[in-house]
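First the structure, in the form of structure tokens, and then the observations on it.
No lab work stands behind these numbers, since they all come straight from the coordinates. Model, not experiment: these values are computed from the prediction. We place every Cβ from the backbone using ideal geometry, glycine too, and count neighbours over all the protein chains shown.
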Amino acid sequence: MGEARHEGDVGAVRRETEALRRELADMGERMATKDDVARLDKEVEDIGEKMATKEGLFALERRAAMKFDAVDNELKALEKRPNLRLEALGARWGLASERAFREAVRELLREAGYAVEKWVYFHSEGHVYGQPRRS
């Protein structure tokens, strides 16, 4: 009886040993090697180089804002040019030709798709002519 029991214990130990060997083999397949870790480190480094940093994004935003401001200033300068030219033309032609000048500008604006209307307003403060009147 003792021998049978001993053989049963040996068989159980062998089965357990075999199960442990399979488990170790499975673990070996799932474990990463140093080469795997190095490859993954390289991939992470490559991804990091491709990604933008917050500082880089802030710098890009500042450059875009500066360009936008420059374009905005240029547009404002261009917007003032026609007004200055029209004022210069009006001053050159004098008050006697003011009506002809207004008609010419009115026609130019109509051709450009704008509507021109005469507007009459009574200003009680008299800022324009020094006394209250309709202008």
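Provide the gained length on full extension for the span F58 to D36, in nm with one decimal, where the gain is 0.36 nm per separating residue minus the Cα-Cα distance. Don't skip to the answer; put the middle values down first.
Numbers: separation 22, 0.36 × 22 = 7.92 nm, distance 3.56 nm.
Answer, rounded to one decimal: 4.4 nm.
So between E103 and M51, what do we pick up on full extension, going 0.36 nm a residue minus the alpha carbon distance?
This chain segment gains 12.6 nm when fully extended.
For E29 paired with S124, estimate the spin-label separation in nm (one decimal), with each label point 7 Å from Cα along the Cα-to-Cβ line.
Each label point is offset 7 Å from its Cα along the Cβ direction, giving 9.7 nm.
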